[in-house]
Amino acid sequence: MAEKLIGTDIAPPDLHAKITGRAKYAEDFRAPGMVFAKLLLSPMPHARVRNVDASRALAMDGVIDILRASEVPSREGPREACLTDNPRYEGEPILAVAAVDEETAAAAIEAIEIDFEPLPFVVDPLDSLRPGGPNAYVDGNQFSGQDGWSAFKWTDADFATIDAGGMPDPACPVEWTKGDPEAAFAESALVLEETIVHQSLTHHPMEPRSNMCYWEGETLNAFVSTQSSQQSKFALAGALQIDPENVNFVSEYCGGGFGSKIAGTTVMQIPALFSRKINRPVMLRITRYEENYVGRARPGFQTWLKMGFLENGKCNAIDLIIVQESGPYGAGDFNTAGMVADLTYTPQNMRFRAVSMYTNTPPKAAQRGPGGAQIISMMEPILEKAGRELGIDRFEMHRLNAPGPDVEFGPRNATLTSVHAIEALDQGREMFDWDAKLAMSGQRNGSKVTGIGIGLSPYTAGSRGRDGMMVIRPDGRLYVHQGIGNLGTHSIADTARPAAELLGYDWEDVEIVWGNSTRGHPRSTVQAGSQTTTAHTRANHAAATDALRKIRAVAAATMGGSPSSYRVDSGRVTGPGGTMSLGRIAERAIAMGGEYSGEVLPEDIHAQTVPAAQMLAGEGLMGIARDNYGGEGNIYSWVAGFAMVELDEETGVVELKEYVGVTDCGTVIHPRSLGAQVFGGSIQGMGMAMTQRWVFDPQWGVPFANRLYTARPPGFLDIPSDLKWGAVNIPDPQDPVGAKGIGEPPVGAGAAALTCAVADALGGRCVCRTPLTPDIILAEIEGRPIHGRLDQHVG
Amino acid sequence: MDQVESESVLEQKYSRRTFIKGVIATGATASSAGYLFRGSPLLGAATVQTATERLITLNVNGQDRRVDVLPHETLAMTLRYKLGLTGTKLGCDRAECGACTVLIDGVSQYGCSMLTHQVRGRAVKTIEGLEDADTGELSVVQQAVMEEGGFQCAFCAPGFIMAMTEMIEVNPNPTREEARHALSGNLCRCADYDKILTCAMRAAELARSV
């Protein structure tokens, strides 16, 4: 019997390359004659370029050429181009210079004279909502494809309420209501009203978004730092308006993205366009400083929340208003935040209002758990506060409000494929020893106070209908072609396991083919929203099922008997006519041709899969299929996080002591990697809530925090010394493998467990803003205002 | 004269201060205007048109390598762009993340914050030099990482592995707490710290059993 592959720890096949320095990330590729590009970044948050004088730069030895905004694709409206003469944030790339080395290119950038016309700017979305306030664009602050630009403002009355510290009742472009919130609030035993400020913050993956490109005739060779692979190739081709089949797209390794490099990056267009112009390979190395600006950021929220509770602790009504700080090019976090609030607290009566405001700050994008992480980290302490006021154990508050399998949420009553949030909470309670920890809550050790808290966090965790493609070659090995990117989650290997197991393969006989479009990749999801594990275990399962059918048919055609009487295991197929190696079967499949060798393809596969499959046709027995397993409802995973902290009342410093994260993400495929996702996501959430601070100067509209040390992700000494994880490990019943994704939900769980524990250490006071840096905590302790004028950027 | 000067440099601690002094001494002009208003500084340092390269010999991974080096060139750039050793990563260019950590005479240093001229006459070891040159056998640290399935995106891995290599020499029997401190100069944005720590402890265990 072949080994069992699902639920076991197997080091990913690329680990050896990663730890010997052989793994090539985008900036590690070289090409003969390669030159270097540098960017000139806007020094102002909003401006117009009146004139560029590059004569001194172009006259310098070693300088090759300049690339201007007029030479790159652009579209009307709030849409980003890779270079612009109309920058909308400090740090937006204006132009690029290529030179024989990076230093010369940088020197040339400094020799360029630009005449900028400064324009009004906005860093705080509330400023733009105020009557008479500035707008992020010359023509307004809202854009629709039909009507173009307009200026959306709240009223003086709205701001009179806000300025007095109250909850406004404003008009909002986005609004939905379910149930009867007003009637429900009237029935509530307790109504809590809070003002919440959640900062925006940059992603800062370890690998900046460097890229290198060169052309061979009409063919573009692109070496790109991106989370996804197959879809990023099409995104690049689409941006450049070239035939995707003329792009050789290499993305073997990606040094993290966390939502900032989903289908490639905007700056990946620059070396592609520049190398075409000068007919030489161009390396664009992005520095950390540049990454802070062009590297995307999580949108900040300015939120007003009203939450009603019945006497038994059940949340019966929510009224939520979100103003989102969306940067110059928009983001969608607020919509998810509304859905997640309804799903997590199941109020039955909810009103949701939101407005997404353009601002002149670096562009926003999904950041791990987009929308969900912000709202969960801010609402969980309020749920716990209600427990305190109602005299109900805080654990019970989470448990009794968590959804069961028949939950319906959001404006259109969405359903779930499966939900085991309560089981995750129960398992976490045991592992954390909640009851014993509860006795430690509030204990003092000198100036340090112990606090404990819980965060329950859901997020989308799957999609359906992608293609799987694999080839058994005459060498007998199984080549699983993965169009998904290699962003560090191990999913390039782990999503192939169910296929290998179905075909009875030992793992050492499986080759993962990834990261280079010339090797053939099927249509895949983007690596975002925790879709990959579900989408591609399904797609690969479907393709393996197709391969199994073909193996049996080839065996029966060769050895006699019926296909169904043949069994496949450990590289051999055995039945009434005898036994054959799968290598021999592959040879027979090539000889038989047709569907067996991929000469004839299924009709329902995606058009983007077809050229890749045609490239591989005739090389072995091909398993290829679209995921037609279907399903009803949304696929969501959950993490229940439990944290213990010590808060020093004299310094405002919070130290994490213990953390337990328990997930409901269906079948566990790779336990060790799953644990790493639970911890990694949770710690990123703690960084979001506590250590990373992104602050802007309101006068000049420029960020103060533009490097790692000023917006510091958690380091080794910030993490809890005692970490535990668990999984309920109940398969999703609608899925052939039963696995759901895990990337997103731990972020909200880690952040919320921390914000709840901090509130607990403060005697039950919700701070209701991030980041919980020492100055903010001391201000809270001393009773000084911490929300300022409600702008998330000014600390 | 050169010899005397370089030795006096070598005797000093490789501090950030020394690094900056080194940059200034080699003739680079600090261009604060460019930093503030152009926002495109190279390595956070100056750009130099007039500096000339000089051929020097470096001992890297046990081999003497001849290479043309600018006076203010950082070791990380020399390794990556002139010696083809791209295993050393640039994560921040400025001593904030540790992705470029290499060993100089067995001591971990940030390659982005060392001038290449500072390491003349010293033994430089990079991630590419950890395997046994003849057999390809992995070092104990690399073996430990393979066993424990360490790292996610692994962009930080070369730097961490070099720091672990130093750690097991300095403290062959660390507690988890000591290992955590020994590795705290390196950042992992995936926050795979727990598993990295497990790798470090396993590496120390393997080293003790050799």
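The values are calculated or read from the model by the stated rules, or taken from the named source; none is laboratory data. Model, not experiment: these values are computed from the prediction. With ideal geometry, Cβ positions are generated from the backbone for all residues, glycine too; neighbour counts draw on all protein chains shown. Each accessible area value is taken on the protein alone, full model and side chains, heavy atoms only, with ligands, DNA and RNA left out. Shrake-Rupley method; radii C 1.70, N 1.55, O 1.52, S 1.80 Å.
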Would you check if there is a residue in region B:156-179 being surrounded by fewer than 22 Cβ atoms within 10 Å (Cβ to Cβ), facing chain A (nearest Cβ under 10 Å) and of a type outside the set (A, V, I, L, M, F, W, C)?
yes
Could you tell me whether region A:216-231 includes any residue that is within 14 Å of another protein chain (Cβ to nearest Cβ), in a strand (DSSP E or B), more than 23 Å from residue A:512 (Cβ to Cβ) and open to solvent by less than 10 Å² (accessible area, probe 1.4 Å)?
no
Taking region B:78-109 and keeping residues open to solvent by 30 Å² or more (accessible area, probe 1.4 Å) and within 13 Å of chain A (Cβ to nearest Cβ) leaves B:81, B:82, B:84, B:94, B:95, B:96
Might you let me know whether region A:334-354 holds any residue that is of a type in the set (Asp, Glu), at pLDDT 95 or above and not in a strand (DSSP E or B)?
yes
Conditions first: (1) surrounded by fewer than 16 Cβ atoms within 10 Å (Cβ to Cβ); (2) away from every other protein chain (no Cβ under 14 Å); (3) over 24 Å from residue B:154 (Cα atoms). Residue A:7 passes all but one, so which condition is the exception?
(3)
Sole exception among (1) open to solvent by 10 Å² or more (accessible area, probe 1.4 Å); (2) within 14 Å of another protein chain (Cβ to nearest Cβ); (3) at positive phi for residue A:679, by number
(3)
If we keep only residues of region A:183-206 that are within 24 Å of residue A:767 (Cβ to Cβ) and among the small types (Gly, Ala, Ser), then the residue modelled with the lowest pLDDT is A:200
If you check A:651, A:667, which single one turns out to be of a type in the set (Val, Ile, Thr), more than 28 Å from residue A:762 (Cα to Cα) and in contact (Cβ under 8 Å) with a residue 60 or more places away in the chain?
A:667
Residues that are of a type in the set (Val, Ile, Thr) and out of contact with any strand residue (DSSP E or B) (no Cβ under 9 Å at 6 or more places or on another chain): does region A:236-243 have at least one?
no
Within region A:95-124, which residues are β-branched (Val, Ile, Thr) and within 10 Å of another protein chain (Cβ to nearest Cβ)?
A:97, A:104, A:109, A:112, A:114
Selection status of residue A:22, open to solvent by 30 Å² or more (accessible area, probe 1.4 Å), part of a loop (DSSP other than H, G, I, E, B) and either within 30 Å of residue B:142 (Cβ to Cβ) or in contact with a helix residue (DSSP H, G or I) (Cβ under 7 Å, 6 or more places away or on another chain) (or both):
yes
Result of the Cβ filter at 8 Å on region A:433-449, keeping first residues that are on the phi > 0 side of the Ramachandran plot and partners that are open to solvent by less than 50 Å² (accessible area, probe 1.4 Å), at least 6 apart or interchain, is A:442/A:449; A:442/A:450; A:442/A:451; A:442/A:760; A:442/A:761
Please verify whether residue A:499 is within 14 Å of chain B (Cβ to nearest Cβ), within 28 Å of the chain's Cα centre (by Cα), buried (at least 19 other Cβ atoms within 10 Å of the Cβ) and closer than 30 Å to residue A:583 by Cα, treating the condition exactly as stated.
no
Where a residue in region B:117-142 is touching a residue at least 12 places away in the same chain (Cβ under 8 Å) and its partner, wherever it lies, is among the charged types (D, E, K, R) and open to solvent by 30 Å² or more (accessible area, probe 1.4 Å), with Cβ under 6 Å and at least six apart
B:122/B:105; B:123/B:105
Please verify whether residue A:91 is away from chain B (no Cβ under 14 Å) and either crowded, with 16+ Cβ neighbours inside 10 Å or farther than 20 Å from residue A:289 by Cα (or both), treating the condition exactly as stated.
no
Result of the Cβ filter at 6 Å on region A:528-541, keeping first residues that are closer than 19 Å to residue A:745 by Cβ and partners that are acidic (Asp, Glu), at least 6 apart or interchain, is A:530/A:744
Looking at region A:236-247, can you tell me whether even one residue there is among the charged types (D, E, K, R), more than 26 Å from residue A:13 (Cβ to Cβ) and either assigned to a helix (DSSP H, G or I) or open to solvent by 30 Å² or more (accessible area, probe 1.4 Å) (or both)?
yes
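One line per residue, one yes/no per condition, for (1) under 22 Å from the mean Cα position of the chain (by Cα); (2) more than 9 Å from chain B (Cβ to nearest Cβ); (3) in a loop (DSSP other than H, G, I, E, B); (4) without any contact (Cβ under 8 Å) to a residue 12 or more places away in the chain:
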residue	(1), (2), (3), (4)
A:689	yes, yes, no, no
A:693	yes, yes, yes, no
A:700	no, yes, yes, no
A:707	yes, no, yes, no
A:714	yes, no, yes, no
A:723	no, no, no, no
Which listed residue, of A:604, A:664, A:697, is among the acidic types (Asp, Glu) and surrounded by 19 or more Cβ atoms within 10 Å (Cβ to Cβ)
A:664
Counted residues, region A:438-483 - those being of a type outside the set (A, V, I, L, M, F, W, C) and either more than 33 Å from the chain's Cα centre (by Cα) or open to solvent by 60 Å² or more (accessible area, probe 1.4 Å) (or both)
14
Applying the selection to region A:391-416, what residues are touching a residue at least 60 places away in the same chain (Cβ under 8 Å), open to solvent by 30 Å² or more (accessible area, probe 1.4 Å) and either in a helix (DSSP H, G or I) or touching a strand residue (DSSP E or B) at 6+ places or on another chain (Cβ under 6 Å) (or both)?
A:396, A:400, A:411
Output for region B:131-151, where each listed residue is buried (at least 23 other Cβ atoms within 10 Å of the Cβ) and more than 7 Å from chain A (Cβ to nearest Cβ):
B:141, B:144, B:150
When residues of region A:268-283 are limited to those that are open to solvent by less than 10 Å² (accessible area, probe 1.4 Å) and more than 12 Å from chain B (Cβ to nearest Cβ), the one farthest from residue A:62 (Cα to Cα)
A:268
For region A:251-267, which positions are within 14 Å of chain B (Cβ to nearest Cβ) and either assigned to a helix (DSSP H, G or I) or open to solvent by less than 20 Å² (accessible area, probe 1.4 Å) (or both)?
A:251, A:253, A:254, A:255, A:256, A:257, A:259, A:260, A:261, A:267
How many residues does region B:186-207 contain that are more than 7 Å from chain A (Cβ to nearest Cβ) and not aliphatic (A, V, I, L, M)?
6
Restricting attention to region A:48-71, report how many residues are touching a Pro at 6+ places or on another chain (Cβ under 8 Å) and among the small types (Gly, Ala, Ser).
0
Is it the case that some residue within region A:10-21 is without any contact (Cβ under 8 Å) to a residue 40 or more places away in the chain, touching a Ser or Thr at 6+ places or on another chain (Cβ under 9 Å) and within 12 Å of chain B (Cβ to nearest Cβ)?
yes
